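What follows is calculated from the coordinates using simple rules that are stated; it is not laboratory data. The shown structure was predicted, so the numbers you read here are calculated from the model rather than taken from an experiment. For neighbour counting, all protein chains shown are included, and Cβ atoms are generated from backbone atoms with ideal geometry for every residue, glycine included.
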Amino acid sequence: MERLAKCSYFVKGSLTSVCMACSRANCICPEPKGIVAHRLTYKDKNQKTQTVYVPDSRVKEVRKLILSYRKYRDITEMILDLNIKIFKESSRN
Ligand SMILES: [Zn+2]
């Protein structure tokens, strides 16, 4: 449970880089300036895609947060397996 608390600061989604001017991953600007903006996109509870702007200075942090989400998911899967085992054991008479 301590491990669970430690990695409960996370975000899900993926980090993408887009052109600052046209907001596309593959720039369509007539004269590309090559200035990139970072975004985190994820699906909310209604399965609607959300986009969050990520400042340059926080890209590393967001990458870590995405990894933390994966760890969190692994741990919840582990707990789930364990709970199924406990359930099965306790239903056996
Ligand atoms: Zn562009």
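Of note:
- Links that overshoot a 30 Å alpha carbon limit, given the list 33/71; 43/71; 43/88; 60/85; 64/88: 33/71; 43/88; 60/85; 64/88
- For segment 41-86, the Kirkwood hydrodynamic radius from C-alpha pairs, put into Stokes-Einstein at 20 °C and a viscosity of 1.002 mPa s, yields a diffusion coefficient of 167 µm² per second.
- Charged-residue dipole, Cβ positions (Lys, Arg, Asp, Glu), segment 2-91 about Cα centre, Debye nearest 20: 40 debye
- Degrees separating the helix 59-91 axis from the principal Cα axis of the chain, which is the longest one: 20 degrees
- For the peptides 36-45, 51-60, the ranking by packing is 36-45, 51-60, with the highest mean count of neighbouring Cβ atoms within 10 Å listed first.
- Evaluated at q = 0.12, 0.17, 0.18 Å⁻¹: base-10 log I(q)/I(0), Debye formula over Cα of the chain: -0.55, -0.84, -0.89
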